[in-house]
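S.K.: The structure that follows is given in the form of structure tokens.
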Amino acid sequence: MTAEQPVPKKSLTMVDCGTCGSKAFIPSDLAPLEFTPCTKCEADIMMPMMLRQFKLIRPIASGGMGTVYRALDTSLNREVAVKLMKDELLNDEEAVESFSVEARACASLSHTNIIHIYTFDEHQGKRYLVMEIADNGCLDSLIEKEGMVTELDILDMGIKVAAALDSALQKGLLHRDIKPSNILFNQEGEPKLVDFGLATNSLEDTNYHGTIWGTPYYIAPEKVNREAETFLSDMYSLAGTLYHGLTGHVPFEAPTIEEVVAAQIHTPLTPPNHVVPSTTQNTSDAIYRAMAKDPAHRYQNYSEFIMALESARSQLLISMYNT
């Protein structure tokens with residue numbers, strides 16, 4: 001009779017579950033970024049990965065270019081967000097350039113309501129962007145959750161994001177893809193404009209003969225018509241984004257994307273206060289004007305747009321105080 005061989009103990013790694021907050025032990029042989037269920041709540045837990053001094057802990061959001069992770073900068077002991085480019089895009093020159101454009105554009109800007117970039121690097125075949133963390137959701141998810149965002153919150157957001165776009169314009173940059181999913185919130189609820197991957201110099205020729213860049217629900221008519229693109233196109237997209245948050249509806253709804261795009265050119269915009277009657281006239285007028293089909297009929301600078309939003313906000317507060 002031979003003695004039984006001892007069963008080797010499996011090596012385990014302790015991580016925090018981002019869902020239930022408990023300490024969990026997961027198999028140490030999991031590959032970095034691989035998931036396994038939490039033993040307490042069964043939510044997915046990720047095996048952390050190190051990129052130089054950055055420890056990627058769990059995903060925050062995912063998009064066409066890559067995934068954004070909550071991470072720890074172990075050198076400075078602070079939380080950051082790391083945007084890791086998809087492996088399958090690393091050999092795509094256009095995608096790599098877009099990723100680089102985002103890094104350079106954001107790094108050149110300094111504004112409270114534009115996400116701050118810390119570094120852009122490549123390590124062991126991984127290309128990544130390290131930035132300020134803003135993981136309290138985005139406007140898109142807020143609209144989905146609440147249906148509509150309060151008028152006061154929309155005005156506050158509009159004022160801040162318009163100021164951020166004005167700051168970018170002073171550096172010669174257009175964003176070119178303003179939409180609800182590109183306005184994130186930090187833990188204090190402060191809006192942060194992200195994703196400058198389509199950004200371009202405002203002085204360059206932006207008459208396009210190929211792909212039209214932008215999101216159909218918020219794209220300015222002149223871009224659809226392949227006419228000159230200016231900061232007024234960003235203003236239109238921001239106003240369309242505010243319209244969506246305020247009313248719970250995109251400015252133009254249609255069965256197909258092609259019809260939505262056509263509506264940007266041909267269909268008259270329904271004023272926000274005709275969709276939601278409780279919307280004050282000043283707020284409705286400000287958004288409506290910023291979405292004029294003809295760029296010449298919009299506010300001719302961000303200062304005018306911001307002043308209109310601030311005036312609407314003041315009037316709204318007065319009416320709230322008096323009721």
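The values are calculated or read from the model by the stated rules, or taken from the named source; none is laboratory data. What you see is a predicted model, and the numbers here were worked out from it, not measured in a lab. Reconstructed Cβ throughout: ideal geometry from the backbone, glycine too, with neighbour counts over all protein chains shown.
S.K.: Quick check on this structure: which one of Ile257, Ile212, Ile183 is touching a Pro at 6+ places or on another chain (Cβ under 7 Å) and modelled with pLDDT under 95? First the steps, then the outcome.
M.R.: Numbers: Ile212 fails: touching a Pro at 6+ places or on another chain (Cβ under 7 Å); Ile183 fails: modelled with pLDDT under 95.
None of the other options fit; the residue is Ile257.
S.K.: Further question: Which count do you get for residues in segment 55-66 that are out of contact with any helix residue (DSSP H, G or I) (no Cβ under 7 Å at 6 or more places or on another chain) and either farther than 17 Å from Ala31 by Cα or not assigned by TED's automatic domain parsing to the domain that holds Gly18 (or both)? Before the answer, list the steps.
M.R.: First, the residues of segment 55-66 that are out of contact with any helix residue (DSSP H, G or I) (no Cβ under 7 Å at 6 or more places or on another chain): 55-64, 66.
If we keep only those that are either farther than 17 Å from Ala31 by Cα or not assigned by TED's automatic domain parsing to the domain that holds Gly18 (or both) as well, we get 60-64, 66.
Within segment 55-66, residues that are out of contact with any helix residue (DSSP H, G or I) (no Cβ under 7 Å at 6 or more places or on another chain) and either farther than 17 Å from Ala31 by Cα or not assigned by TED's automatic domain parsing to the domain that holds Gly18 (or both) number 6.
S.K.: How about segment 272-288: which of its residues are surrounded by 16 or more Cβ atoms within 10 Å (Cβ to Cβ) and part of a helix (DSSP H, G or I)?
M.R.: Pro272, Asn273, Val275, Asn282, Thr283, Ser284, Asp285, Ala286, Ile287, Tyr288, listed by residue number.
S.K.: State yes or no: is Asn91 part of a loop (DSSP other than H, G, I, E, B) and without any contact (Cβ under 8 Å) to a residue 40 or more places away in the chain? It would help to see each step written out before you state the result.
M.R.: Details: part of a loop (DSSP other than H, G, I, E, B): yes; without any contact (Cβ under 8 Å) to a residue 40 or more places away in the chain: yes.
The answer is yes for Asn91.
S.K.: Condition first: among the small types (Gly, Ala, Ser) and within 16 Å of the chain's Cα centre (by Cα). Now tell me which residues in segment 76-106 satisfy that.
M.R.: To start, the set of residues in segment 76-106 that are among the small types (Gly, Ala, Ser) comprises 81, 95, 98, 100, 103, 105.
Passing the criteria: Ala81, Ser98, Ala103, Ala105.
S.K.: Restricting the search to segment 290-304, which residues are within 21 Å of Lys223 (Cα to Cα) and either hydroxyl-bearing (Ser, Thr, Tyr) or surrounded by 16 or more Cβ atoms within 10 Å (Cβ to Cβ) (or both)?
M.R.: Residues of segment 290-304 that are within 21 Å of Lys223 (Cα to Cα), as a first pass: 290-302.
Matches in segment 290-304: Ala290, Met291, Ala292, Lys293, Pro295, Arg298, Tyr299, Tyr302.
S.K.: Further question: Quick one: is Tyr299 in contact with a Lys or Arg (Cβ under 8 Å, 6 or more places away or on another chain) and either part of a helix (DSSP H, G or I) or in contact (Cβ under 8 Å) with a residue 40 or more places away in the chain (or both)?
M.R.: Details: in contact with a Lys or Arg (Cβ under 8 Å, 6 or more places away or on another chain): yes; either part of a helix (DSSP H, G or I) or in contact (Cβ under 8 Å) with a residue 40 or more places away in the chain (or both): yes.
It is true that Tyr299 is in contact with a Lys or Arg (Cβ under 8 Å, 6 or more places away or on another chain) and either part of a helix (DSSP H, G or I) or in contact (Cβ under 8 Å) with a residue 40 or more places away in the chain (or both).
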